[in-house]
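Notes to accompany the following structure.
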Amino acid sequence: MTITSFAAGTCRFDRQSASLVSMKSQLDGLARQLSTGRTAETYGGLGVGRTTSLSAHAAISAQDGYLAAITSAETRVKLTSASLTQLKSLSDSTRSNLTGIVASRNEALPATTVQLAANNLSAAVDALNQQAGGVYVFSGRATDTEPVVSQDAILNGVPAEGLDGLRTLIAEQKAADLGPLGNGRLTQGIGTRSVGLWEDSSAEARANFGFTLMAASSSGSGALGASVAAGAKPDVSLSFAEQPAEGSQVRVVVQLADGSQKTLDLTARAGEAGNAAGAFSIGATREETAANLKRALGGADIASVQSANPPGIAAAFTGGQPASASFTVGNNPAAGDTITLKLGLHDGTTKTITLTAAATADPTSATTFAIGATPEETTANLSRTLQSALTSAANTELSASSTARAALNFFEGSPAAGLSPRRVAADGNGYAEAASAKTVIWYKGDTASDPRASATVQAGASRTVAIGAQANEEAIRRTLAGLAAVAAESFTTGSGTVDTARFEAVSGRAASLLTASEGQQSLEQLGTDFGLAASSMANAKSVANTTKATLQDSLDGVDTVSTEEVAAKLLSLQTQLQASYKVTSILSEMSLVNYLR
């Protein structure tokens, strides 16, 4: 430390100098505050206010971060909502067009409807491939991957790569459903006075293809009889070629009570994780793992299985009994007597065939059979009309069901290993158990089980908004399936006529796909999700702005100064300093000589 020298008589001058230096320092500080608007240039210069300043600035910085994240996410959410609105509009216009044409029965319009559906499918693909800030909004976490392939690839595949599209899958499904005789895989036989029908002898084929015999009845004079003998379910055992690895997925299609099917994708998990929903436990052996998988299905009837290889899942159908129907002619019926047969389809719908006895009938009729000279001749006429009715139903209702089922199956295809669309097995009696590598996978994005959670926004200290979306969500899949089912079809026969009956059947099923039923996810629900997300972000943005303004106000008088107040202090200090300089100058000139002068 330095000790300042001291001399007698200098104290007064030292005090004056110190006072001047202090005022000059204050003047410089006030001038700096006036030019910068800040109280001090360092936190240390704030004194006791530095703690308040530090915490407030940190909080303001956090609010700025939340606001920046929300602003970026708002664009993404708006674009996602706009795309969903467009999908809903495309769905509604297609459904309305189908309904209008069916009502008008204008044979010139089905071809136009096919083109409209194709255009709408292309527009839907464009809507799902939208980007916001270089991010594909419908790809989940795979934001740099375009989620949906082109409309042409969906319908026609990619021949150069050996990949089949939806039209190929529809053709395969129709062939498997209609069977070699084109009557829904039913076997028909005729006796002296009876006609019999039997379901397919293959238990696996019965579970997946063709008609099922549900009920039969007769009415009128009592000369005709009709009955159905119910079949028995087969036993289905599962096996694995190799023990599944952790995370391996298998696809199991099960039968529902209404006759339709449901696709379940299950994941192999070790330990307690295998007991969670959508999972099955890996056992000590392949046999134990297969038993665990069957247990996870909760006793549901298995229709088909599929996986990659490994693990190579397989299903064996044993036992069971096909249902059969019998129609008898006791005596010649009276005109107007009827036989009714109820058939089930694997999409959960039914088809009822009613055959009516008449004095005369067109031999090719599918609704009326002629009363012959003898009961035996009547039986032959009944058999021929029944065959025509089954063929007609197969080419309309069953064919339309095949189209809709193939479309749903196609859009259930996933890029995950083993979960490609189901393909009909080589023997035509079931679905191939090995996942196909020769089918277009329409969706290329993320396959997270919770699409919303695939993208989140930190909108507050403890507030997160989920804004993720995937094009493979159920409502979107069904919409695309409905559009593609119509776009992939042609209703003009080889002779140039329009098959209006099949068009009506396909239209009904396409409209069903485009309309969410109870328990199914809808486009409106998806829109609601993003509407709530937008509302939540708007609220969080308002809170962040208010919080930031409040914190900014708390810094007034700590970080910042009032320029008016500083200017007043500066003028006052300048006046004091000038006066001090003047007095000091006068005092410095005082001496005895000057006094006597």
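Looking across the stretch 113-131, the residues that are touching a Ser or Thr at 6+ places or on another chain (Cβ under 8 Å), within 16 Å of S150 (Cβ to Cβ) and surrounded by 20 or more Cβ atoms within 10 Å (Cβ to Cβ) come down to A117, N120, A124, V125, A127, L128.
Condition test on T350, is it in contact with a strand residue (DSSP E or B) (Cβ under 6 Å, 6 or more places away or on another chain), open to solvent by 20 Å² or more (accessible area, probe 1.4 Å) and without any contact (Cβ under 8 Å) to a residue 40 or more places away in the chain? Before you say what the answer is, go through the steps one by one.
Values: in contact with a strand residue (DSSP E or B) (Cβ under 6 Å, 6 or more places away or on another chain): yes; open to solvent by 20 Å² or more (accessible area, probe 1.4 Å): yes; without any contact (Cβ under 8 Å) to a residue 40 or more places away in the chain: no.
Spelling it out, it is not the case that T350 is in contact with a strand residue (DSSP E or B) (Cβ under 6 Å, 6 or more places away or on another chain), open to solvent by 20 Å² or more (accessible area, probe 1.4 Å) and without any contact (Cβ under 8 Å) to a residue 40 or more places away in the chain.
Taking G445, is it within 30 Å of V158 (Cα to Cα) and either in contact with a Lys or Arg (Cβ under 9 Å, 6 or more places away or on another chain) or open to solvent by 10 Å² or more (accessible area, probe 1.4 Å) (or both)? Yes; evaluated as a whole, the condition is true for this residue.
Just a yes or no: is a residue in the stretch 492-503 within 29 Å of P415 (Cα to Cα) and either part of a loop (DSSP other than H, G, I, E, B) or of a type in the set (A, V, I, L, M) (or both)? Taking every residue of the stretch 492-503 in turn, none turns out to be within 29 Å of P415 (Cα to Cα) and either part of a loop (DSSP other than H, G, I, E, B) or of a type in the set (A, V, I, L, M) (or both). Testing S122 on (1) of a type outside the set (A, V, I, L, M, F, W, C); (2) under 30 Å from S542 (Cα atoms); (3) within 22 Å of the chain's Cα centre (by Cα), one condition comes back false. Which one is that? Result: S122 passes all but (2). Of the strands (runs of 3 or more DSSP E) lying entirely inside the stretch 147-248, those carrying at least 1 residues that are open to solvent by 40 Å² or more (accessible area, probe 1.4 Å), within 30 Å of E376 (Cα to Cα) and hydrophobic (A, V, I, L, M, F, W, C) are 187-190, 194-198, 212-219, 224-229. Among the residues of the stretch 510-526, those identified as of a type outside the set (S, T, N, Q), open to solvent by less than 30 Å² (accessible area, probe 1.4 Å) and out of contact with any Gly (no Cβ under 7 Å at 6 or more places or on another chain) are A511, L523, L526.
May I ask you to list the residues in the stretch 407-426 that are touching a strand residue (DSSP E or B) at 6+ places or on another chain (Cβ under 9 Å) and not in a loop (DSSP other than H, G, I, E, B)? Correct list: L408, N409, F410, F411, V424.
As for the stretch 101-119, it holds no residue that is more than 30 Å from T500 (Cβ to Cβ) and among the polar types (S, T, N, Q).
For the stretch 354-371, the count of residues that are touching a residue at least 40 places away in the same chain (Cβ under 8 Å) and either among the polar types (S, T, N, Q) or open to solvent by 40 Å² or more (accessible area, probe 1.4 Å) (or both) is zero. Looking at the stretch 141-163, can you tell me whether even one residue there is touching a residue at least 60 places away in the same chain (Cβ under 8 Å), within 17 Å of R477 (Cβ to Cβ) and of a type in the set (S, T, Y)? For the stretch 141-163, residues touching a residue at least 60 places away in the same chain (Cβ under 8 Å), within 17 Å of R477 (Cβ to Cβ) and of a type in the set (S, T, Y): absent. Any idea which residue in the stretch 463-478 is farthest from S517 (Cα to Cα), counting only those that are of a type outside the set (D, E, K, R) and in a helix (DSSP H, G or I)? Result: I476. The sole residue among S436, S402 that is buried (at least 20 other Cβ atoms within 10 Å of the Cβ), closer than 19 Å to I154 by Cβ and of a type in the set (S, T, N, Q) is S402. Scanning the stretch 466-476 for residues that are in contact with a Leu (Cβ under 8 Å, 6 or more places away or on another chain) and open to solvent by 10 Å² or more (accessible area, probe 1.4 Å) yields a single hit, E473. Among the residues of the stretch 57-85, those identified as β-branched (V, I, T) and either closer than 15 Å to G460 by Cβ or open to solvent by less than 30 Å² (accessible area, probe 1.4 Å) (or both) are I60, I70, T71, V77, T80. Where strands (runs of 3 or more DSSP E) fall entirely within the stretch 282-345, those with at least 2 residues that are at pLDDT 95 or above and of a type in the set (S, T, N, Q) are at 301-307, 324-329, 338-344. Within the stretch 477-501, residues that are surrounded by 14 or more Cβ atoms within 10 Å (Cβ to Cβ) sit with their Cβ atoms under 6 Å from residues that are part of a loop (DSSP other than H, G, I, E, B) and of a type in the set (S, T, Y), at 6+ positions apart or across chains, in these pairs: D499/T493.
Return a yes/no flag: does the stretch 321-342 have any residue that is within 30 Å of A435 (Cβ to Cβ) and crowded, with 18+ Cβ neighbours inside 10 Å. Before the answer, list the steps.
Residues of the stretch 321-342 within 30 Å of A435 (Cβ to Cβ): 322.
Restricting the remaining residues to those that are crowded, with 18+ Cβ neighbours inside 10 Å gives 322.
Yes - at least one qualifying residue is present in the stretch 321-342.
Take the residues in the stretch 263-290 that are free of Cβ contacts under 8 Å to residues at least 12 places away in the same chain and open to solvent by 20 Å² or more (accessible area, probe 1.4 Å), then tell me which one is nearest to the chain's Cα centre (by Cα). Please lay out each step first, then the result.
First, pick out the residues of the stretch 263-290 that are free of Cβ contacts under 8 Å to residues at least 12 places away in the same chain: 271-273, 275-277, 283-284, 288.
Right, trim to open to solvent by 20 Å² or more (accessible area, probe 1.4 Å) and you get 271-273, 275-277, 284, 288.
Values: G271: 30, E272: 28, A273: 25, N275: 25, A276: 22, A277: 19, A284: 35, E288: 34 Å.
Per the stated criteria, the residue is A277.
The values are calculated or read from the model by the stated rules, or taken from the named source; none is laboratory data. What you are looking at is a predicted structure, and each value in this text was computed from that prediction instead of being measured. Quick reminder, even Gly has a Cβ in these numbers, built from the backbone with ideal geometry, and neighbours come from all protein chains shown. We work out accessible area using only protein heavy atoms, side chains counted, and drop any ligands, DNA or RNA first. Shrake-Rupley method; radii C 1.70, N 1.55, O 1.52, S 1.80 Å.
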